[in-house]
Amino acid sequence: MNVLSLREQVKRGSMAVKALRANRLKSGLPFMINVTGMERKLCYMEYPNGKIHLVKQSNNGSDFETMHILDESETIQLRNRFDLY
């Protein structure tokens, strides 16, 4: 049996997430970006129009409230940070 290195597993996982992101955005659906170390219930939502919102999950767990809409500079920084191009 072939054992994948941790590096290869991370690379494959990253490629799978990027493919999922592309498919969701292409289908007109938002993509959730979770960031390690962020406050609980906070994440980013990227929309097919290119906008990214900082959102907070509601207490019921199924809705999100927009806390901040990233401007162009913030959007570029986030995409660069996570290689989202």
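Brief remarks follow.
- Per-region count, region 57-71, residues surrounded by 14 or more Cβ atoms within 10 Å (Cβ to Cβ) and under 21 Å from residue 84 (Cα atoms): 1
- Selection within region 72-81 - of a type outside the set (Ser, Thr, Tyr) and surrounded by 15 or more Cβ atoms within 10 Å (Cβ to Cβ): 78, 79
- Lone qualifier among 29, 4 - being more than 20 Å from residue 78 (Cβ to Cβ) and in contact with a helix residue (DSSP H, G or I) (Cβ under 9 Å, 6 or more places away or on another chain): 4
- Matching residues, region 42-85, being closer than 19 Å to residue 28 by Cα, of a type in the set (A, V, I, L, M) and in a loop (DSSP other than H, G, I, E, B): 84
- Qualifying residue in region 26-41 (condition: surrounded by 15 or more Cβ atoms within 10 Å (Cβ to Cβ) and not in a strand (DSSP E or B)): yes
- Pairs, first under 15 Å from residue 62 (Cα atoms) in region 27-47, second assigned to a loop (DSSP other than H, G, I, E, B) and among the hydroxyl-bearing types (Ser, Thr, Tyr), C-beta under 7 Å, six or more apart: 30/47
- Under the condition of being charged (D, E, K, R), more than 25 Å from residue 19 (Cα to Cα) and modelled with pLDDT under 95, the residues counted in region 33-68 number 2.
The values are calculated or read from the model by the stated rules, or taken from the named source; none is laboratory data. Bear in mind that the values here come from a model prediction, so they are computed numbers and not experimental data. Glycine also receives a Cβ, built like all others from the backbone with ideal geometry; neighbour counts cover every protein chain displayed.
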